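The values are calculated or read from the model by the stated rules, or taken from the named source; none is laboratory data. The shown structure was predicted, so the numbers you read here are calculated from the model rather than taken from an experiment. Methodologically, a virtual Cβ is constructed for each residue, glycine included, from the backbone with ideal geometry; neighbour enumeration extends over all protein chains shown.
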Amino acid sequence: MAVMRNWKSKRLVWLTLGIAALGLNAGAQTYDVLDVQSVRTTGDPGQWVRSVTAPAEPETFDCDVLVTGAGSGGVAAALRAAMRGNSVCLTEETDEIGGQFASVPALDENRFIEFSGGTRTYYEMRRRIRNSYRDRYRLAPEVADQENLNPGACYVSPLCAEPPVVLNAVQEMLAQHHSRIQTFARTKIIDLAVKSGVIESALAYRFEQNDVIRIRAKYYLDGTELGDLLPLAGVPYVVGSEAQSDTNEPDAADEANQACVQSFTYTFVIEHRPGGEEHTIPKPPDYEKFRDGQPFSMRFDYSKRHGWKGEVRYKMFGDDPPIPNNQSPRPFFSWRRVLASKNIAGPNPPNDLALINWPRQDYKDESLLDRSPRDQARILQQAKRLAYSFLYWLQQDLERDEGDGDGGGDGKGYPELMLRADQMGSEDGLSKYPYIRESRRIRARSRVVEQDIVDQYQPGSRAKWFGDSVGTAFYMVDIHPCGANERGRMMMPRPFQIPMGTLIPQGVSNLLPAGKNIGVTHLTNGAYRLHPVEWNVGEAAAVIASLGVAQGKLPAAEDVQRELVKAGVQLVWFDDLHVDHPAFAAIQLAALKGIYPLSDHDLHAAPDAPVTRGEAARAIVAFFGRDATGPGSVRLDVPQEHPHARAIDIAVEAGWMAVDHRNWFHPDIPFYWTDWREGEMLAALPAARTSRTGPIRRSELAERLTPAGP
């Protein structure tokens with residue numbers, strides 16, 4: 001996680017890091033490197049910091065693209081780059097490929113995810129997870145035929161599964177491209193050589209081999225949880241919350257605060273083993289401090305001031321009537337249950353398993369960002385003690401619900417909850433890497449702020465339009481407060497886009513973020529940090545890098561977008577257009593160009609719906625471009641936000657569309673190809689690839705006009 005050279009003066013340390021980032025680190029160098037996977041709840045934190053000396057000429061590996069961090073964004077980036085024919089080096093400081101999919105296998109997804117809002121490879125991962133349960137178990141009749149099987153029957157997501165199953169799905173996908181992806185597990189980037197704004201190579205420490213290697217690539221993608229490459233590359237970045245004077249966000253703080261970083265969490269999996277069993281862990285260090293300071297509770301106050309429900313007390317077990325889309329039911333255990341016994345047929349089904357990722361176990365006292373390796377080790381140790389303390393409280397001190405347990409449920413604690421260390425694959429049973437909610441964030445070419453996405457500022461069906469979109473996302477602005485005067489709050493956005501400008505840093509030409517380290521704010525990070533969003537960012541970064549390798553420069557947004565839609569990445573929000581629809585790519589590109597009808601009232605693509613003559617007028621004007629000039633010097637300056645009336649005037653005045661004998665246009669009746677007067681247009685249109693003359697479907701319009709637009 002952290003890297004720092006051994007110098008007596010911290011100021012000199014960062015000065016030396018800056019010199020190294022400029023490529024001036026000739027000869028052997030010494031680094032302090034934290035082994036995050038080895039941190040434990042007891043012992044001196046310094047023992048997990050290694051002093052590493054890099055040789056002047058380390059062993060060197062070459063690849064087109066170096067991806068650092070094998071979490072959601074990093075895995076997606078490695079996959080997409082390999083699928084495009086690039087050689088990839090993938091580094092991960094733990095021994096686990098999958099990152100956040102292990103720490104949070106109860107996936108945080110958008111409400112449309114079964115239809116839309118994920119990329120094609122993300123859907124492939126979800127399909128593999130579900131199929132693994134169909135292959136492994138005889139499912140109960142109630143769920144056996146469900147295409148959207150939820151193994152955990154959880155509430156937080158339509159797909160909750162055990163960590164090993166999710167990781168296996170990710171690793172199977174990577175294995176299909178093993179000839180192009182060289183994986184370096186237990187490996188951390190410790191330095192970058194940068195010259196004239198170009199990263200020339202990276203130094204990496206391998207924990208198991210106890211050696212330093214050099215990796216040379218053409219592009220460097222930062223998919224780490226904390227944005228580790230940003231300080232090493234010397235690119236400008238932001239830590240913590242911005243001032244309102246900087247972002248103009250209504251809910252930003254009055255002053256910037258680097259300490260206000262969203263809390264992070266060590267997660268774990270427990271099994272419910274009723275029948276009088278005893279599985280209480282030893283009392284952790286600092287238990288009373290954490291119990292009383294957090295404080296541990298099943299009560300939450302969802303502020304009525306914001307129109308919410310007020311105080312809610314969560315009970316331990318049970319299944320409330322299903323309320324989809326993360327609508328806060330009352331049972332705690334089933335909230336993030338990752339295996340539900342009721343889903344398994346047969347005489348001896350496995351017990352229920354639940355992922356424990358509860359706000360009361362969030363560590364908020366200190367941030368990990370821009371701290372020394374020893375400080376980070378100490379902070380991580382405290383966070384692990386907090387996680388253990390929360391488990392101990394569940395087992396010993398939580399007031400039992402009436403009726404729970406064999407004896408009527410009186411008393412305190414649920415000692416029958418057993419920590420399942422095998423689920424996390426770690427010695428202590430905690431996630432090997434904590435669930436990180438906020439990273440360093442690049443100062444990018446463009447930045448998404450609260451007003452761009454939150455529904456009270458965006459009245460239409462979609463959030464602010466970004467013409468350079470490289471993806472879509474949708475999740476509440478989910479703020480897990482820091483311990484430093486948090487001003488942010490949870491807010492609901494409109495379905496929003498990922499602008500390419502948020503992936504372009506300053507100062508270095510071949511570094512790209514591939515996770516939550518993009519150009520967002522402390523507040524909007526709360527909506528951009530989830531599994532499918534980081535996956536989408538990783539895929540977009542990989543396409544930018546791949547085209548950059550081929551073209552020798554930063555590619556144009558249009559080139560990136562064309563490749564992304566072919567790869568099954570949604571760029572414009574529709575809730576009824578799956579990535580496997582035959583016209584998916586054409587509709588996406590047509591929507592970006594203003595050719596495809598978009599509604600202010602819904603997210604429907606309705607690809608089989610008939611095009612109206614008014615929509616056809618807008619499409620043909622958009623096709624020829626806003627700055628073109630038609631017959632009679634008609635200027636095509638049609639704003640995309642309010643195009644309808646002006647587009648009709650232009651199309652009719654230019655003679656591009658037919659009118660009846662009374663010179664009436666009839667905008668609301670179905671459109672036929674013969675309604676266009678193609679001989680009067682600025683250029684020949686692509687040939688219609690259908691024998692039907694009409695009424696023309698929306699998908700047919702997109703497929704005709706998109707491939708060969710001017």
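Okay, here's what the table says:
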{"read-out": "Test result for VAL166, touching a helix residue (DSSP H, G or I) at 6+ places or on another chain (Cβ under 8 Å) and over 27 Å from PRO55 (Cβ atoms)", "value": "yes"}
{"read-out": "Some residue of the range 200-218 being buried (at least 18 other Cβ atoms within 10 Å of the Cβ), in a loop (DSSP other than H, G, I, E, B), in contact (Cβ under 8 Å) with a residue 60 or more places away in the chain and among the basic types (Lys, Arg)", "value": "yes"}
{"read-out": "Test: residue in the range 55-67 that is at pLDDT 95 or above, within 26 Å of the chain's Cα centre (by Cα) and not in a strand (DSSP E or B)", "value": "yes"}
{"read-out": "Leading residue by the ranking (farthest from GLU242 (Cα to Cα)) among those in the range 480-509 that are crowded, with 22+ Cβ neighbours inside 10 Å and in contact with a Lys or Arg (Cβ under 6 Å, 6 or more places away or on another chain)", "value": "PRO495"}
{"read-out": "So VAL533, is it at pLDDT 95 or above, in a helix (DSSP H, G or I), among the β-branched types (Val, Ile, Thr) and buried (at least 20 other Cβ atoms within 10 Å of the Cβ)", "value": "yes"}
{"read-out": "Meets criteria (among the aliphatic types (A, V, I, L, M), in contact with an Asp or Glu (Cβ under 9 Å, 6 or more places away or on another chain), closer than 19 Å to VAL67 by Cα and in contact (Cβ under 8 Å) with a residue 40 or more places away in the chain) for LEU523", "value": "no"}
{"read-out": "Residue within the range 541-556 that is hydroxyl-bearing (Ser, Thr, Tyr), over 19 Å from ARG441 (Cβ atoms) and surrounded by 24 or more Cβ atoms within 10 Å (Cβ to Cβ) present", "value": "yes"}
{"read-out": "Odd one out for PRO158, checked against (1) surrounded by fewer than 22 Cβ atoms within 10 Å (Cβ to Cβ); (2) closer than 16 Å to GLY71 by Cβ; (3) within 20 Å of the chain's Cα centre (by Cα)", "value": "(2)"}
{"read-out": "Of all residues making up the range 98-134, the number that are in a loop (DSSP other than H, G, I, E, B), among the hydrophobic types (A, V, I, L, M, F, W, C) and farther than 17 Å from GLU539 by Cβ", "value": "3"}
{"read-out": "Residue in the range 146-158 that is of a type in the set (D, E, K, R) and modelled with pLDDT of 95 or more present", "value": "no"}
{"read-out": "One residue from ARG128, ARG138 being in contact with a Gly (Cβ under 9 Å, 6 or more places away or on another chain) and either among the β-branched types (Val, Ile, Thr) or over 21 Å from ILE356 (Cβ atoms) (or both)", "value": "ARG138"}
{"read-out": "Conditions (1) small (Gly, Ala, Ser); (2) surrounded by fewer than 16 Cβ atoms within 10 Å (Cβ to Cβ); (3) over 23 Å from PRO707 (Cβ atoms); number of the one not met by GLY655", "value": "(2)"}
{"read-out": "Test: residue in the range 613-621 that is among the β-branched types (Val, Ile, Thr), closer than 26 Å to VAL659 by Cα and in contact (Cβ under 8 Å) with a residue 12 or more places away in the chain", "value": "yes"}
{"read-out": "Those residues of the range 568-623 which are part of a loop (DSSP other than H, G, I, E, B), closer than 19 Å to ALA647 by Cβ and either in contact with an Asp or Glu (Cβ under 7 Å, 6 or more places away or on another chain) or of a type in the set (Val, Ile, Thr) (or both), in sequence order", "value": "VAL572, ILE595, PRO597, VAL611"}
{"read-out": "Qualifying positions in the range 183-199 - surrounded by 16 or more Cβ atoms within 10 Å (Cβ to Cβ) and not basic (Lys, Arg)", "value": "THR183, PHE184, ALA185, THR187, ILE189, ILE190, ASP191, LEU192, ALA193, VAL194, ILE199"}
{"read-out": "Leading residue by the ranking (nearest to GLY552 (Cα to Cα)) among those in the range 237-252 that are touching a strand residue (DSSP E or B) at 6+ places or on another chain (Cβ under 7 Å) and surrounded by fewer than 22 Cβ atoms within 10 Å (Cβ to Cβ)", "value": "GLY240"}
{"read-out": "Strands (runs of 3 or more DSSP E) contained in the range 258-371 and holding at least 1 residues at pLDDT below 90, under 19 Å from CYS154 (Cβ atoms) and within 27 Å of the chain's Cα centre (by Cα)", "value": "299-302"}
{"read-out": "Residue within the range 173-193 that is farther than 30 Å from ARG420 by Cα, touching a residue at least 12 places away in the same chain (Cβ under 8 Å), in contact with an Asp or Glu (Cβ under 7 Å, 6 or more places away or on another chain) and in a strand (DSSP E or B) present", "value": "yes"}
{"read-out": "Residue match in the range 692-708 (condition: farther than 13 Å from TYR596 by Cβ and in a helix (DSSP H, G or I))", "value": "no"}
{"read-out": "Restricting the range 597-654 to residues that are among the basic types (Lys, Arg) and modelled with pLDDT of 90 or more, the residue that is nearest to PHE665 (Cα to Cα)", "value": "ARG613"}
{"read-out": "Conditions (1) of a type in the set (A, V, I, L, M, F, W, C); (2) more than 18 Å from GLU277 (Cβ to Cβ); (3) in contact (Cβ under 8 Å) with a residue 24 or more places away in the chain; (4) assigned to a helix (DSSP H, G or I); number of the one not met by LEU394", "value": "(2)"}
{"read-out": "Subset of the range 407-434 [modelled with pLDDT under 95 and touching a strand residue (DSSP E or B) at 6+ places or on another chain (Cβ under 8 Å)]", "value": "LYS412"}
{"read-out": "Close pairs (7 angstrom Cβ cut-off, 6 or more residues apart or separate chains): more than 22 Å from ALA590 (Cα to Cα) in the range 659-686, part of a loop (DSSP other than H, G, I, E, B) and among the β-branched types (Val, Ile, Thr) anywhere", "value": "PHE665/VAL659"}
{"read-out": "Residues being over 20 Å from ASP608 (Cα atoms) and in a helix (DSSP H, G or I) - total across the range 662-691", "value": "3"}
{"read-out": "Residue tally, condition in contact with an Asp or Glu (Cβ under 8 Å, 6 or more places away or on another chain) and closer than 26 Å to ASP575 by Cα, over the range 496-520", "value": "7"}
{"read-out": "VAL235 in a loop (DSSP other than H, G, I, E, B) and in contact with a Pro (Cβ under 6 Å, 6 or more places away or on another chain)", "value": "yes"}
{"read-out": "Residues of the range 523-548 classified as over 8 Å from the mean Cα position of the chain (by Cα) and among the acidic types (Asp, Glu), total", "value": "1"}
{"read-out": "Residue in the range 453-464 that is in contact with a strand residue (DSSP E or B) (Cβ under 9 Å, 6 or more places away or on another chain), crowded, with 19+ Cβ neighbours inside 10 Å and not in a loop (DSSP other than H, G, I, E, B) present", "value": "yes"}
